[in-house]
Amino acid sequence: MAENEFDAIVVGSGISGGWAAKELCEKGLKVIMLERGKNVEHVKDYVNAIKGPWEFAHRGTRTQKMIEEYPVLKRDYPLNEKNLDWWASDKDCPYTEIKRFDWFRGYQVGGRSLLWGRQSYRIGDIDFEANAKEGIAVDWPIRYKDIKPWYDYVERFAGISGSKEGLPQLPDGEFLPPMELNCVEKDVAARIKKHYGGSRHLIIGRAAHVTAPIEGRGICQYRNKCWLGCPFGAYFSTQSSTLPAAVKTGNLTLRPHSIVTQVLYDKDTKKATGVEVLDAETNQTYVYKAKVIFLNASTINTTWILMNSATDIWPEGLGSSSGELGHNLMDHHLGVRASGWVEGYEDKYYFGRRANGFYIPRFRNLFGDKRNYLRGFGYQGRASRESWSREIAEYSIGAEFKEALTEPGRWTIGMGGFGEILPYHENKVTLDKTKTDKWGLNVVAIDCELKENELNMRKDMLTDGMEMLEAAGVKDVSGYDGDGTPGRGIHEMGTARMGRDPKTSVLNKWNQMWDAKNVYVTDGSFMTSAACQNPSLTYMAFTARAADHAVSELKKMNL
Amino acid sequence: MINRRDALTRVSLILGGTIIGAEAFLTGCKPAAPALSTIEFTDNNVSFLDEVGETILPTTASSPGAKAAEIGAFMKIMVTDCYEADDQKIFLEGIGQLNEEAKTAAGKDFMLLSAEEKKELLISLDAAAKTHEESKEEGAKSHYFTMMKQLTLWGYFSSEIGATQALRYVETPGRYDGCAPYEKGQKAWAL
């Protein structure tokens with residue numbers, strides 16, 4: 001094998017790329033995983049993971065210099081002092097916002113698997129059937145039974161803690177022991193269940209934290225410093241989980257600083273032959289060849305690579321023959337919150353910092369409920385006692401004030417909605433040929449907005465959230481409809497969707513490109529609809545399934 | 001994603017719902033005025049702010065106060081690096097104004113007041129600041145004392161002294177108990 005030739009190329013090393021590399025390596029393929037950013041070594045490079053809060057010069061918060069350097073990241077919580085190194089530079093990597101789209105990126109080995117919220121939910125037939133039933137976009141080419149064994153498979157390896165609930169809208173999985181709701185959350189859950197006759201549920205979040213022994217992983221220590229990297233490897237990341245498995249096979253080559261600029265395509269064989277790489281440090285160009293290519297560069301970047309590929313045959317890029325490449329961009333819309341305080345429980349507190357909260361699965365437009373919009377939303381939240389950042393009625397200055405603040409305050413509870421965004425053809429990503437990044441590469445232009453369906457849903461999200469808390473006896477419930485700008489969910493999806501027909505979709509039911517069958521796309525871009533559940537677990541399952549298919553097709557000499 | 005989305009709430013709850021200097025954090029796109037390049041704190045300013053902080057959160061039987069946590073130096077860093085230019089100006093001028101308030105109220109520089117006089121003065125300034133925050137128009141700037149108090153609380157309770165002595169800090173809890181007994185007087189968790 002020549003130095004630049006492999007059996008498989010995996011582009012991207014985040015959640016789905018890590019899975020692709022592991023599966024392909026374990027099946028005996030020689031794999032190169034290309035990552036545009038720098039390397040981050042497990043544990044060794046988690047330089048801030050064991051620091052106390054006082055060891056950060058600005059106690060974790062942003063400086064004016066950071067605000068200036070990160071015009072996009074500053075729009076929400078990601079701009080912070082503690083893990084700034086793991087968020088992509090807005091200045092080096094600009095993009096065009098035809099409409100405002102907050103794009104928060106992680107360019108390093110592990111990608112956003114180091115930074116993710118770890119909430120892990122399955123999507124079920126209610127979601128897989130929705131497009132077809134409602135005449136929206138195109139039908140998913142598979143159903144839950146096709147992906148269920150793969151959810152089982154990835155959950156067992158990744159380690160997903162959770163409780164079995166038997167809910168059709170949120171299929172149960174192969175769970176590690178669930179984390180615990182605290183006593184206020186348990187009580188609120190019971191009151192919601194009673195008030196709504198068992199039709200609404202508040203459950204512990206299903207999260208990718210190891211709560212019982214898994215080989216090679218540490219058990220969650222309840223530090224809640226996950227996004228600094230976990231020295232115990234207790235949450236799922238490429239570094240803690242899939243990368244060591246891939247490395248162990250001896251079949252993996254990992255190449256950081258590798259910006260894949262295009263997939264190389266042979267029009268005679270109608271297959272891809274490899275990829276072109278721009279070395280981010282040296283600006284040298286390299287070619288890597290392989291029999292099969294997995295694109296896992298994250299939704300918008302995978303689409304960008306495809307738009308730059310095979311343009312001599314399709315001006316709009318590889319995968320554009322359907323006219324759907326770059327279209328149907330989705331996210332989850334966030335920003336609607338409800339909160340209040342809870343009477344009593346003064347003699348209760350918690351021990352440990354649980355990096356997880358509660359989840360209220362979707363209840364709208366299900367089981368006979370019918371709203372003035374399609375689909376639905378879930379809530380995520382938590383109950384906790386107020387900290388020192390509160391007013392003390394009797395004191396404002398001095399010893400009594402200080403002593404009062406050193407004790408926990410009232411119990412409060414708050415939650416925010418995660419709503420489904422429909423796949424709209426006009427919500428799209430295109431190439432902006434008038435603007436370039438640090439490496440002289442054209443950037444993407446994003447044109448995406450919430451529409452009537454989402455805006456109507458947000459009204460329910462607000463009133464339902466407040467009503468549920470009130471029904472549970474929560475005091476002074478307040479709610480607000482905050483910033484729902486697309487992108488802020490950090491769940492970009494849909495720009496190379498799966499489907500049943502090459503005329504209306506980019507990928508077939510195996511995540512194979514209709515236009516190049518040895519190219520598989522298994523990051524969020526394959527999503528035909530968004531559901532309202534956090535999507536990463538679904539990427540893992542589809543990736544493992546696609547890798548299995550790719551290897552079996554290779555053996556049959558079909559690729 | 002849950003925790004990440006709570007990060008803001010925790011600090012913004014301190015006085016008035018806004019983290020001064022980080023408005024962009026809350027409003028999304030508002031362009032930030034560049035920080036003053038010429039801003040300079042003197043050693044005297046830092047000592048002065050130590051005293052302001054110590055008056056807000058003094059040493060008590062159970063834990064050292066804000067001065068021990070070097071609150072003046074913390075305020076200097078935060079105002080210099082994190083505040084927008086117009087907030088920096090309000091804060092720096094606020095040091096002088098606070099001293100003028102001391103002279104008006106007690107006929108002496110703030111640094112020469114007794115602990116009790118300092119406390120009395122800051123209680124009245126706190127009331128004035130609260131009135132200002134409640135009555136100001138949206139987008140109008142905060143009172144300098146709101147800034148000083150916010151930074152004092154934030155800086156103290158996130159300092160090593162504040163987190164480990166005034167509060168309880170367990171680096172690696174190792175387990176979670178969602179229904180632990182609590183007795184009045186027990187300290188809150190630092191995180």
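The values are calculated or read from the model by the stated rules, or taken from the named source; none is laboratory data. This structure is a prediction, so every number in the text was calculated from the model and none was measured. Note that each Cβ is placed from the backbone with ideal geometry, even for glycine, and that neighbours are counted across all protein chains shown. Accessible surface is based on the protein model in full, side chains and every heavy atom, while ligands, DNA and RNA are left aside. Shrake-Rupley method; radii C 1.70, N 1.55, O 1.52, S 1.80 Å.
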### Matching residues, segment A:174-214, being acidic (Asp, Glu) and open to solvent by 20 Å² or more (accessible area, probe 1.4 Å)
A:GLU174, A:GLU180, A:ASP187
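One line per residue, one yes/no per condition, for (1) facing chain A (nearest Cβ under 7 Å); (2) under 23 Å from B:LEU57 (Cβ atoms); (3) within 19 Å of the chain's Cα centre (by Cα); (4) at pLDDT 95 or above:
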position	(1), (2), (3), (4)
B:GLU138	no, no, no, no
B:MET148	no, yes, yes, yes
B:THR152	no, yes, yes, yes
B:GLY174	yes, no, no, yes
B:ALA188	yes, yes, yes, yes
### Query
Failed condition for A:VAL277, given (1) within 22 Å of A:GLU41 (Cβ to Cβ); (2) open to solvent by less than 10 Å² (accessible area, probe 1.4 Å); (3) touching an Asp or Glu at 6+ places or on another chain (Cβ under 9 Å); (4) assigned to a strand (DSSP E or B), with all others met?
(3)
#### Entry: Enumeration of residues in segment A:302-319 that are open to solvent by 10 Å² or more (accessible area, probe 1.4 Å) and closer than 13 Å to A:SER525 by Cβ
A:TRP304, A:MET307
## Note on the structure
Per the filter on segment A:347-370, residues farther than 19 Å from A:GLY416 by Cα and within 12 Å of another protein chain (Cβ to nearest Cβ) are A:ASP347, A:LYS348, A:TYR349, A:TYR350, A:PHE351, A:GLY352, A:ARG353
### Message
Quick check on my filter: what residues within segment A:404-434 are touching a Leu at 6+ places or on another chain (Cβ under 7 Å), within 11 Å of chain B (Cβ to nearest Cβ) and either closer than 24 Å to A:THR302 by Cα or outside any strand (DSSP E or B) (or both)?
### Response
A:THR406
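Every residue, every condition in (1) at pLDDT 95 or above; (2) open to solvent by 10 Å² or more (accessible area, probe 1.4 Å); (3) part of a loop (DSSP other than H, G, I, E, B), yes or no:
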position	(1), (2), (3)
A:THR485	yes, yes, yes
A:ILE490	yes, yes, yes
A:ALA496	yes, no, yes
A:LYS509	yes, yes, yes
A:VAL519	yes, no, no
A:ALA530	yes, no, yes
A:ASN534	yes, no, yes
A:PHE542	yes, no, no
A:ALA547	yes, no, no
### Message
Considering only residues that are within 10 Å of another protein chain (Cβ to nearest Cβ) and either of a type in the set (Phe, Trp, Tyr) or under 30 Å from A:ARG255 (Cα atoms) (or both), which ones fall in segment A:54-69?
### Response
A:TRP54, A:PHE56, A:MET66
### Message
Please go through segment A:61-76 and give me each residue that is buried (at least 19 other Cβ atoms within 10 Å of the Cβ) and in a loop (DSSP other than H, G, I, E, B), ordered by number.
### Response
A:THR61, A:ARG62, A:THR63, A:TYR70, A:VAL72, A:ASP76
### Task
Would you tally the residues in segment B:131-174 being open to solvent by 10 Å² or more (accessible area, probe 1.4 Å), touching a residue at least 40 places away in the same chain (Cβ under 8 Å) and of a type in the set (D, E, K, R)?
3
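Tell me, please, whether a residue that is within 14 Å of chain B (Cβ to nearest Cβ), under 18 Å from A:TYR539 (Cβ atoms) and outside any strand (DSSP E or B) can be found in segment A:119-142.
Within segment A:119-142, one or more residues are within 14 Å of chain B (Cβ to nearest Cβ), under 18 Å from A:TYR539 (Cβ atoms) and outside any strand (DSSP E or B).
This table checks each residue for (1) more than 9 Å from chain B (Cβ to nearest Cβ); (2) closer than 25 Å to A:THR522 by Cβ.
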{"site": "A:MET33", "(1), (2)": "yes, yes"}
{"site": "A:VAL40", "(1), (2)": "yes, yes"}
{"site": "A:VAL47", "(1), (2)": "yes, no"}
{"site": "A:GLY52", "(1), (2)": "no, no"}
### Query
If we scan segment A:373-394, do we find a residue that is more than 25 Å from B:VAL52 (Cβ to Cβ), open to solvent by 30 Å² or more (accessible area, probe 1.4 Å), in a loop (DSSP other than H, G, I, E, B) and away from every other protein chain (no Cβ under 14 Å)?
yes
### Task
Could you list all residues from segment A:219-228 that are assigned to a loop (DSSP other than H, G, I, E, B) and either more than 11 Å from chain B (Cβ to nearest Cβ) or surrounded by 19 or more Cβ atoms within 10 Å (Cβ to Cβ) (or both)?
A:CYS220, A:GLN221, A:TYR222, A:ARG223, A:LYS225
